[in-house]
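Everything below concerns the one structure shown next.
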Amino acid sequence: MKATFSYDHIHIRSKDPKGMAEYFHKMFDAEVLESVQSDGQNRIDLDINGLAIFIAAVPEDLDLPNSPGTPYLGLDHFGFKVDDVYGAVEELRAKGGEIVVEPHEIRPGVKIAFIRGPENVRIELLERD
């Protein structure tokens, strides 16, 4: 029997899970789902049009680096599909979003831009014709 793989979730670790959740709510209209796990720990999940993002708390007193700058090895970013990358960037900019790569066409029919989220999380906006 061959295994079947499909998307389930993205998991982000944060020293400020509430702040991270507020950012995604403000910028991307994420639904913030707060609950308490069976071990008594608070949990924050996000739902962005069916995209599940779990935010796990990291103790603030741990001396851990934020996500690194580019280029580096490992997970670089995740992407949101948009209908109009230029319009999406202007909407995010108006909300205070930090655009790190302005919208541009990387090949015919494909336009991208990048925004920096909290703790240096890189988020791609992708428009395909």
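Of all residues assigned to region 92-101, at least one qualifies as being in a strand (DSSP E or B) and either of a type in the set (D, E, K, R) or at pLDDT below 95 (or both).
Residue-wise test of (1) among the charged types (D, E, K, R); (2) touching a Leu at 6+ places or on another chain (Cβ under 6 Å); (3) within 22 Å of Phe114 (Cβ to Cβ); (4) assigned to a strand (DSSP E or B).
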residue	(1), (2), (3), (4)
Glu22	yes, no, yes, no
Glu34	yes, no, no, yes
Ile53	no, yes, yes, yes
Leu64	no, no, no, no
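Let me confirm something: among Leu75, Leu62, which residue is within 22 Å of Ile10 (Cα to Cα) and among the hydrophobic types (A, V, I, L, M, F, W, C)? Steps first, please.
Values: Leu62 fails: within 22 Å of Ile10 (Cα to Cα).
Exactly one residue qualifies, and that residue is Leu75.
Just one of (1) modelled with pLDDT under 85; (2) surrounded by 10 or more Cβ atoms within 10 Å (Cβ to Cβ); (3) touching a strand residue (DSSP E or B) at 6+ places or on another chain (Cβ under 8 Å) fails for Asn42. It is (1).
Within region 86-100, if we keep just the residues that are farther than 12 Å from Leu126 by Cα and touching a strand residue (DSSP E or B) at 6+ places or on another chain (Cβ under 8 Å), the residue that is surrounded by the fewest Cβ atoms within 10 Å (Cβ to Cβ) turns out to be Glu98.
State which residue is nearest to Ile12 (Cα to Cα) when the search covers only region 113-129 and only residues that are assigned to a strand (DSSP E or B) and without any contact (Cβ under 8 Å) to a residue 40 or more places away in the chain. Before you say what the answer is, go through the steps one by one.
Filtering region 113-129 down to residues assigned to a strand (DSSP E or B) leaves 113-116, 122-128.
Pick out the ones that are also without any contact (Cβ under 8 Å) to a residue 40 or more places away in the chain and you get 113-114, 116.
Details: Ala113: 21, Phe114: 18, Arg116: 14 Å.
If we take residues in region 113-129 being assigned to a strand (DSSP E or B) and without any contact (Cβ under 8 Å) to a residue 40 or more places away in the chain, then Arg116 is nearest to Ile12 (Cα to Cα).
Does Ile106 qualify as being of a type in the set (A, V, I, L, M), assigned to a strand (DSSP E or B) and touching a residue at least 24 places away in the same chain (Cβ under 8 Å)? For Ile106, the condition - of a type in the set (A, V, I, L, M), assigned to a strand (DSSP E or B) and touching a residue at least 24 places away in the same chain (Cβ under 8 Å) - is not met.
Considering only residues that are basic (Lys, Arg) and closer than 17 Å to Gly69 by Cα, which ones fall in region 102-124? Full working, then the answer.
Our first condition is that a residue be basic (Lys, Arg); within region 102-124, this holds for 107, 111, 116, 122.
Within region 102-124, Arg116, Arg122 qualify.
The values are calculated or read from the model by the stated rules, or taken from the named source; none is laboratory data. Since the model is a prediction, treat every value here as computed from it, not as a measurement. Methodologically, a virtual Cβ is constructed for each residue, glycine included, from the backbone with ideal geometry; neighbour enumeration extends over all protein chains shown.
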